[in-house]
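Structure first, then comments.
The values are calculated or read from the model by the stated rules, or taken from the named source; none is laboratory data. Just so it is clear, the structure is predicted and the values come from calculations on it, not from any experiment. Cβ sites come from the backbone with ideal geometry, for glycine too, and all protein chains shown count toward neighbours. To get the accessible areas, we keep the full protein, side chains included, count just its heavy atoms, and leave off ligands, DNA and RNA. Shrake-Rupley method; radii C 1.70, N 1.55, O 1.52, S 1.80 Å.
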Amino acid sequence: MPEPVISVSHVSVTYGAGAAASKALDDISTTFDGGEVTLLMGASGSGKSTLLSILGCLRRPDRGSISLMGRDLSHYREKDLVGIRSREIGFVFQFFRLIRSLNALENVSLGLDLAGGKTKSRLSPREALDAVGLTAKRNLRPDQLSGGERQRVAVARALVKAPRVLLADEPTAALDSSTGLQIAELIRALVREHKIATVIATHDPRLIPFGDRIIEMRDGRLVAEQRSTA
Ligand code: ADP
Ligand code: MG
């Protein structure tokens, strides 16, 4: 049975005001289930990153609402959203965003520290690094790792706090093709195992086989949706 984890209802976002106003999201409604990978596809400027920022509670919609595990977040105060972000949402970005002075294990541990003491993690930082195949490299710093290895560390950092939601913005864009596919495969295996609702923004068609669901965006709207039959 699909378990709804996070949903948006009639969400709109406009940047700027007056003549300069531009609508980045236009009345979006959809739900993301645990254990499922959704690919958000569409041309640059279609609204993918903006939708991720709404799902990640980094920005509030101008209209519409967002709910996480049945809780309507619309009226949450900023400090409560900070807690939601740090405990329940994992982020993976294009350029990894690791701390240069920390080694791989310390970078992953940071994901847990930021989530605070209340999180009951399913994984220790060491186990998270094992899960992404970096046991032997745990003492190396980001500049001693390849691009693919850095992105693995970033995936481990996002997953160590056992988030309900994993959001990734172009996570393979800075990687060569085969490394990118390995990262996509790794993310899919981990989110299935941990039943995490996962949304990946990408315009890389090679990732299509990794999506359980593909959503096509255009001009801030969801214009097509397709489910994998595999
Ligand atoms: P995508 O990730 O699909 O490339 P974005 O969500 O980044 O799309 O952008 C959607 C639209 O919103 C684009 O027209 C973009 O120019 C505009 N936009 C995004 N961020 C901002 C911002 N901070 N200020 C003004 N306009 C923005
Ligand atoms: Mg983007």
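Some observations on this one:
- Scanning region 46-71 for residues that are on the phi > 0 side of the Ramachandran plot and over 18 Å from the mean Cα position of the chain (by Cα) yields 64, 70.
- Residues in region 1-28 that are in contact (Cβ under 8 Å) with a residue 40 or more places away in the chain and hydroxyl-bearing (Ser, Thr, Tyr): 7, 9, 12, 14.
- Qualifying residue in region 84-99 (condition: over 25 Å from residue 190 (Cα atoms) and open to solvent by 10 Å² or more (accessible area, probe 1.4 Å)): no
- Residue 91 falls short on exactly one of the conditions (1) in contact with a strand residue (DSSP E or B) (Cβ under 7 Å, 6 or more places away or on another chain); (2) modelled with pLDDT under 90; (3) not in a loop (DSSP other than H, G, I, E, B), and that condition is (2).
Residues checked against (1) open to solvent by 60 Å² or more (accessible area, probe 1.4 Å); (2) within 11 Å of ligand 1 (Cβ to nearest atom):
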{"position": "3", "(1), (2)": "yes, no"}
{"position": "11", "(1), (2)": "no, no"}
{"position": "15", "(1), (2)": "yes, yes"}
{"position": "20", "(1), (2)": "yes, yes"}
{"position": "26", "(1), (2)": "no, yes"}
{"position": "37", "(1), (2)": "no, no"}
{"position": "42", "(1), (2)": "no, yes"}
{"position": "47", "(1), (2)": "no, yes"}
{"position": "63", "(1), (2)": "yes, no"}
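- Hey, residue 58 without any contact (Cβ under 8 Å) to a residue 60 or more places away in the chain and within 15 Å of ligand 2 (Cβ to nearest atom) or not: yes
- Matching entry among 109, 74 (being at negative phi, surrounded by fewer than 17 Cβ atoms within 10 Å (Cβ to Cβ) and polar (S, T, N, Q)): 74
- Matching residues, region 214-230, being open to solvent by 10 Å² or more (accessible area, probe 1.4 Å) and part of a strand (DSSP E or B): 214, 216, 218, 221, 222, 223, 224, 225, 226, 227
- Filter pass, residue 167 being surrounded by fewer than 20 Cβ atoms within 10 Å (Cβ to Cβ) and not aromatic (Phe, Trp, Tyr): no
- Candidate set: region 196-207, residues that are surrounded by 15 or more Cβ atoms within 10 Å (Cβ to Cβ) and away from ligand 1 (no atom under 16 Å from the Cβ); chosen: the one nearest to residue 123 (Cα to Cα): 196
- Considering residues of region 172-195 that are surrounded by fewer than 20 Cβ atoms within 10 Å (Cβ to Cβ) and among the small types (Gly, Ala, Ser) only, the residue nearest to residue 156 (Cα to Cα): 189
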